Amino acid sequence: MKIELKSITKEDEAFLYEIYASTRNQEVDSWGWSAEQKGLFLEMQWRAQQASYNQQFPGASHSIIAVGEQYVGRLLADELSDYHHLIDISILPSYQGKGIGTFLIAQLLQKAREGNKPVILQVFHTNPARNLYERLGFQVASSDEIYLKMRWE
């Protein structure tokens, strides 16, 4: 399986929305909304997330995750002077559990190791990806009602 990162272009917007929606579908489905309400809400939330990421992380690297010719996810990371920040890694549900996230995060950890820098991220308490992060050596540095802030050194 050949996993690579590709630069995001304007033509990738529909795919990026698809990935975002896939991360929220289960949650939003539980609210009992119509398909139209759900679609409007998800699009509004996706646009807000995009704007927030662009404002908070202007120097971050935005990439599409591809396996062969198939687009399967997105990766947003930033290398700062003191640390690497894994901002967002999202993989379509049908490609989760196949080692793609592990491979990409391991690459980031190797780069951080070479630069002698920690890696930080934050994850929802309920996100199953937390198990992956812990398996890769991340530890909880702090938490609030919603997020765990995790750190790898």
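Odds and ends about this structure:
- Within region 90-118, residues that are within 14 Å of Val72 (Cα to Cα) reach partners that are in a helix (DSSP H, G or I) and among the polar types (S, T, N, Q) with beta carbons closer than 8 Å, at six or more positions or on different chains, in the pairs Ser90/Ser22; Ser90/Thr23; Leu92/Ser22; Pro93/Ser22.
- Matching residues, region 126-146, being surrounded by fewer than 12 Cβ atoms within 10 Å (Cβ to Cβ) and not in a strand (DSSP E or B): Thr126, Pro128, Asn131, Arg135, Asp144, Glu145, Ile146
- Where Glu69 falls short, out of the listed (1) open to solvent by 60 Å² or more (accessible area, probe 1.4 Å); (2) in contact with a Lys or Arg (Cβ under 9 Å, 6 or more places away or on another chain); (3) closer than 18 Å to Ile8 by Cα; (4) not polar (S, T, N, Q): (2)
- Within region 38-83, the set of residues being part of a strand (DSSP E or B), without any contact (Cβ under 8 Å) to a residue 40 or more places away in the chain and over 14 Å from the mean Cα position of the chain (by Cα) comprises Gln70, Glu79.
- Test: Tyr95 is under 20 Å from Leu16 (Cβ atoms) and open to solvent by 30 Å² or more (accessible area, probe 1.4 Å): yes
The values are calculated or read from the model by the stated rules, or taken from the named source; none is laboratory data. Owing to the predicted nature of the structure, the values given are computational and were not obtained by experimental measurement. Counting neighbours? That spans all protein chains shown, and the Cβs are built from the backbone with ideal geometry, glycine included. Ligands, DNA and RNA are excluded from the accessible area calculation, which covers all protein heavy atoms including side chains. Shrake-Rupley method; radii C 1.70, N 1.55, O 1.52, S 1.80 Å.
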